1. For residue 275 paired with residue 200, estimate the spin-label separation in nm (one decimal), with each label point 7 Å from Cα along the Cα-to-Cβ line.
2. Charges at C-beta only: +1 for Lys and Arg, -1 for Asp and Glu. How large is the resulting dipole of the chain about its Cα centre, in Debye rounded to 20?
3. Which residue, chosen from 71, 193, 164, occupies the Cα position most advanced towards the positive end of the dipole of the chain, where the dipole is computed from +1 (Lys, Arg) and -1 (Asp, Glu) charges on Cβ about the Cα centre?
4. Under a 1.4 angstrom probe, counting protein chains only, how are 206, 94 ranked by accessible area, largest first?
5. Of all DSSP beta bridges located in the range 13-172, what percent are antiparallel, nearest 5?
6. Take the alpha-carbon centre of the range 221-252, take the same for the range 182-202, and report the distance between them in whole Å.
7. What label, among (i) 13.1; (ii) 35.5; (iii) 16.8, belongs to mean projected area of the Cα convex hull in nm² computed from the structure on display?
8. List every residue whose amide H lies under 5 Å from the amide H of residue 123, counting only residues 5 or more places away in sequence or on a different chain, with H placed 1.01 Å from N in the peptide plane.
Amino acid sequence: MEAVPIQSENFKLGFIGAGNMAESIARGVVQSGVLPPQRISTAIHSNPSRGTAFQSLGISVYSHNTDVVDASDVIIFSVKPQVVKNVILQLRPLLSKKKLLVSIAAGVKLKDLEEWAGHDRFIRVMPNTPSAVGMGASVMSLGGAATEQDGELVGKLFGAVGKTWKADEKLFDAVTGLSGSGPAYIYLAIEALADGGVAAGLPRELALGLASQTVLGAAAMAVQSGKHPGQLKDDVTSPGGTTIAGIHELEKNGFRGTLMNAVVAAAKRSQELSKN
């Protein structure tokens with residue numbers, strides 16, 4: 001059976017799994033106007049508070065995953081990686097090629113997802129936690145039967161919670177090491193900058209506020225200015241000034257190499273986990 005085009009003006013979206021990431025995506029989709037809440041659904045099995053979170057957005061909440069599948073044209077599997085196989089196998093009889101399937105389960109490969117579902121109209125997406133505040137970085141890879149139109153539709157959904165890129169699935173371990181794990185590296189950097197501010201005499205609250213806003217502003221400059229990060233660094237580094245003194249300390253202690261090694265180590269661990 002050929003994949004039936006999803007009508008972007010009236011398709012319905014379902015979430016299998018109602019955790020924090022699913023809520024973030026649903027909230028972004030509704031608040032950005034990509035979809036009205038009446039065309040979105042999920043199912044709640046045990047935790048009533050999760051149902052309340054979705055219902056507060058106007059989203060339909062069912063008791064069974066089968067109801068979500070029946071009601072949806074696009075289905076996002078947002079369950080934990082260790083249970084996604086059983087969930088898909090249970091729903092397989094309902095997962096026709098008319099439905100576009102999407103997985104955000106970390107480390108679970110397209111070939112396995114397609115085998116469990118019985119077809120390859122599948123798209124795998126790797127979002128990250130800043131999606132919760134609409135500043136996510138999501139990378140997607142299309143399965144064999146997923147069309148370019150399918151990719152554009154999914155890109156629009158995840159674009160409601162940040163920026164999206166398309167990449168070959170073989171790069172997903174590296175994506176995990178950079179954007180998947182990267183927020184934790186930046187939180188550590190913010191904490192360290194704040195500690196440095198305290199050591200230099202700042203009150204803790206002021207130090208943390210300045211550190212967080214400095215990272216936010218620097219990231220915005222990197223995204224919006226069109227300049228290479230090295231040029232932006234040079235722009236604030238005066239000869240014999242304070243900034244070059246600080247950068248000298250970072251370079252002496254292997255700052256760049258340490259960050260590079262962190263990304264490579266996380267990517268390697270992702271590769272090990274996906275093999276298991």
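The values are calculated or read from the model by the stated rules, or taken from the named source; none is laboratory data. All values reported here derive from a predicted model rather than from experimental measurement. With ideal geometry, Cβ positions are generated from the backbone for all residues, glycine too; neighbour counts draw on all protein chains shown. Side chains included, ligands, DNA and RNA excluded: accessible areas come from the protein's heavy atoms. Shrake-Rupley method; radii C 1.70, N 1.55, O 1.52, S 1.80 Å.
1. Reported label-point gap for residue 275 and residue 200 is 4.5 nm.
2. Value, rounded to 20: 340 debye.
3. Highest projection toward the positive end goes to 71.
4. Descending order: 206, 94.
5. Around 15 percent antiparallel, to the nearest 5.
6. The distance from the Cα centre of the range 221-252 to that of the range 182-202 comes to 18 Å.
7. (iii)
8. 101, 102, 103, 143
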